[in-house]
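Worksheet: one structure, shown below.
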Ligand SMILES: [Zn+2]
């Protein structure tokens, strides 16, 4: 009877499973043995904290849950857009809905970063988590995010001479930050790093305009490349299809639904396997350029429908 009494009063009953010293513990994390047995979307679902629990969590609990979120590095993959990031990280989504958000983020981020300094995390992610927490706290306090619209802008041209709007954001991080963040993305997603992270160019720019590491163009919408005849459509549909009959080849461009991502098709060997099993090369937000499975991308990249373009 004591147990049901506890349940009725809403007291924490068995902290063993999901709660430890008052903080939320995710059911799976990067060091879990089975981490790579699940798809990104399956893991995103498992990492979603239910509404009832979220409402019950203190601001401090929420900031700890943000720090512990295994896909924290997605904040950079989404171009340092807190709102976009909050669609997958339920702890920050809840915190953003509270008036105390900015103050709490600042206070508890500092607290967490100091804790790491005295006692680094066993999983070795202290440095990158500290960087990211500080960034998110600053971004929310200033109520700003990297907004390429505000920086110097001009146009680049498609092969058929249609202007494409680009901006030129400045670099806002140290090399050490980018190295730590890229290393975290590599271990979280099991991808290979091709080119170090940069705040100066993004996925669309890498895939359609220039793969150079000294690219300085951030492109919001590459659709002119697909509408002016510079590239021709080879396939449009789901990623479970086999590409065998579509004549898709290496270096074709992959465009993910709703303008969410662009990549260069890399690992096509001409076989009949579903093309979700092939690899692509793409830049992830302000993170680096990675070789990755076509569907092994941050959950916000919509791979339910993609199109493939050839030049
Ligand atoms: Zn940067």
**OP:** Could you identify the single residue in 78, 69, 108 that is modelled with pLDDT under 95 and either surrounded by 22 or more Cβ atoms within 10 Å (Cβ to Cβ) or in contact with a strand residue (DSSP E or B) (Cβ under 6 Å, 6 or more places away or on another chain) (or both)?
**Re:** 78
Original post:
In segment 33-61, how many are in a helix (DSSP H, G or I) and under 17 Å from the mean Cα position of the chain (by Cα)?
Top reply: 9
**OP:** Considering only segment 62-123, give the helices (runs of 4 or more DSSP H) lying wholly within it that have at least 1 residues that are under 11 Å from the mean Cα position of the chain (by Cα).
**Re:** 74-77, 82-86
Subject >> Some residue of segment 194-207 being in contact with a strand residue (DSSP E or B) (Cβ under 8 Å, 6 or more places away or on another chain) and modelled with pLDDT under 90 >> reply: no
**OP:** Take the residues in segment 186-198 that are within 11 Å of the ligand (Cβ to nearest atom) and farther than 24 Å from residue 224 by Cβ, then tell me which one is surrounded by the fewest Cβ atoms within 10 Å (Cβ to Cβ).
**Re:** 196
Original post:
For segment 239-311, which strands (runs of 3 or more DSSP E) that fit wholly inside it have 2 or more residues that are over 20 Å from the mean Cα position of the chain (by Cα)?
Top reply: 306-310
Original post:
Do we find a residue being within 16 Å of the ligand (Cβ to nearest atom), assigned to a loop (DSSP other than H, G, I, E, B), touching a residue at least 60 places away in the same chain (Cβ under 8 Å) and over 18 Å from residue 156 (Cβ atoms) anywhere in segment 205-218?
Top reply: no
Original post:
Is it the case that segment 168-178 has a residue that's away from the ligand (no atom under 13 Å from the Cβ), at pLDDT 95 or above and under 22 Å from residue 130 (Cα atoms)?
Top reply: no
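The values are calculated or read from the model by the stated rules, or taken from the named source; none is laboratory data. Just so you know, these numbers come straight off a predicted model, no measurement behind them. Neighbour counts are summed over all protein chains in view; Cβ atoms, including those assigned to glycine, are modelled from backbone coordinates with ideal geometry.
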